[in-house]
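Asker: Got a structure for you, written out below as structure tokens; questions coming shortly.
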Amino acid sequence: MTDAEIRVLLVDDQDLLRSGIRIILESEPGIVVVGEARDGHGALERIRQVSPDVVCLDVQMPGMDGLTATRLITALEHPPAVLVLTTFDRDDYLFEALEGGASGFLLKNSTPEQLVDAVQIVARGDALLSPDVTRRVIERFAQRDAGARAAAASAAGSDAAAAATAASSAAAAAMISDLTARERDVLGFVARGMSNAEIAAELFLGEATVKTHVSKVLQKLGVRDRIQAVVFAYEHGIAVPGA
């Protein structure tokens, strides 16, 4: 193996499906399947044994399901990227996977080329966020946050709620003002679901430079990942829906 190879662990309770995915991935130079598991328990054990870069994980499995496994895997000290695979295009699976720390979500009826691209994207630290997925994430978080604000207003009274909202807005404004102009540009493109490579091409920068900008943006905004950065950007007017 070379340092450039992407090490992949396959986790699915269907032997035939794992075999098919293995064939697809290992036909691509630079990708090697280093192990397989049948459920979340097996995945955690194999991760300790083979140290993969990417875990391709089914949602519905006996024993420990993929959504539970995702949360446990991403909580590891040096977690691999998690690419969730499913036959079901369901919003509840999508949001639970992303909120659990998954780097991407792919339907099993995707093409072999899309699977290979997805593995490569999450392996280099990008999130697999298509514009459609981005829109659905924004709508979900916006609805949840609106409900939380309404509940807070009801519980604390309008004056207290207004004060809390003002304090939150002030804190957000301070974080935004700490971003450089270039970092604001990068955040705007992240909010549109663009990968580091796409942002690099748009801004005529090196991909490594973009990755550094993204890391600084996440740090300055105090968010865990690109998903939360997308939500922050829409909530505070840095990105415009449909742009």
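Asker: Restrict the check to the stretch 56-67 and report whether at least one residue is over 21 Å from residue 96 (Cα atoms) and either among the small types (Gly, Ala, Ser) or not in a loop (DSSP other than H, G, I, E, B) (or both).
Answerer: The answer is no, given that none of the residues of the stretch 56-67 is over 21 Å from residue 96 (Cα atoms) and either among the small types (Gly, Ala, Ser) or not in a loop (DSSP other than H, G, I, E, B) (or both).
Asker: All but one of (1) open to solvent by less than 60 Å² (accessible area, probe 1.4 Å); (2) part of a helix (DSSP H, G or I); (3) more than 18 Å from residue 118 (Cα to Cα) hold for residue 49, so report the exception by its number.
Answerer: Just one mismatch for residue 49, condition (1).
Asker: Residue 19 is checked against (1) small (Gly, Ala, Ser); (2) in contact (Cβ under 8 Å) with a residue 12 or more places away in the chain; (3) surrounded by fewer than 18 Cβ atoms within 10 Å (Cβ to Cβ) and fails just one. What number does that condition carry?
Answerer: The one condition residue 19 does not meet is (2).
Asker: Given the criterion open to solvent by 60 Å² or more (accessible area, probe 1.4 Å) and modelled with pLDDT under 80, identify the matching residue among 154, 130.
Answerer: Going through 154, 130 in turn, the sole match is 154.
Asker: Would you confirm, using the coordinates I've provided, whether residue 228 is part of a helix (DSSP H, G or I), open to solvent by 60 Å² or more (accessible area, probe 1.4 Å) and either in contact with a Phe, Trp or Tyr (Cβ under 6 Å, 6 or more places away or on another chain) or farther than 21 Å from residue 121 by Cβ (or both)?
Answerer: Judged against the criteria, residue 228 is not a match.
Asker: Please go through the stretch 190-208 and pick out each residue that is open to solvent by less than 70 Å² (accessible area, probe 1.4 Å) and either modelled with pLDDT of 95 or more or under 16 Å from residue 127 (Cβ atoms) (or both).
Answerer: 190, 191, 193, 194, 195, 196, 197, 199, 200
Asker: Step by step: first the residues of the stretch 99-118, then only those that are assigned to a helix (DSSP H, G or I) and under 27 Å from residue 23 (Cα atoms), then the one that is most open to solvent (accessible area, probe 1.4 Å). Which residue is that?
Answerer: Ranking the qualifying residues of the stretch 99-118, first place goes to 113.
Asker: Also, I was wondering about something else. From the residues in the stretch 68-84 that are buried (at least 21 other Cβ atoms within 10 Å of the Cβ) and among the hydrophobic types (A, V, I, L, M, F, W, C), which one is nearest to residue 38 (Cα to Cα)?
Answerer: Among residues in the stretch 68-84 that are buried (at least 21 other Cβ atoms within 10 Å of the Cβ) and among the hydrophobic types (A, V, I, L, M, F, W, C), the one nearest to residue 38 (Cα to Cα) is 69.
Asker: Scan 210, 223 and give me the residue that is β-branched (Val, Ile, Thr), over 25 Å from residue 100 (Cβ atoms) and under 18 Å from the mean Cα position of the chain (by Cα).
Answerer: Just a single option satisfies the conditions, and that option is 210.
Asker: May I pose another question? Select from the stretch 22-40 the residues that are assigned to a helix (DSSP H, G or I) and touching a residue at least 24 places away in the same chain (Cβ under 8 Å) and write down the one among them that is farthest from the chain's Cα centre (by Cα).
Answerer: The qualifying residue farthest from the chain's Cα centre (by Cα) is 24.
Asker: Hey, another quick one. Within the group 137, 122, which residue is at pLDDT below 85, of a type in the set (A, V, I, L, M, F, W, C) and outside any loop (DSSP other than H, G, I, E, B)?
Answerer: Criteria check complete, one pass: 137.
Asker: A further question on this structure: Residue by residue through the stretch 181-215, note down the ones that are polar (S, T, N, Q) and within 18 Å of residue 234 (Cα to Cα).
Answerer: 195
Asker: Quick one: would you say residue 77 is free of Cβ contacts under 8 Å to residues at least 12 places away in the same chain and either outside any helix (DSSP H, G or I) or closer than 20 Å to residue 121 by Cβ (or both)?
Answerer: So residue 77 passes the test.
The values are calculated or read from the model by the stated rules, or taken from the named source; none is laboratory data. Because the structure is predicted, anything quoted here is derived from the model rather than measured. A quick note on method: Cβ atoms are made from the backbone with ideal geometry, for glycine too, and the neighbour counts reach across all protein chains shown. All accessible areas refer to the heavy atoms of the entire protein, side chains included, with ligands and DNA or RNA removed. Shrake-Rupley method; radii C 1.70, N 1.55, O 1.52, S 1.80 Å.
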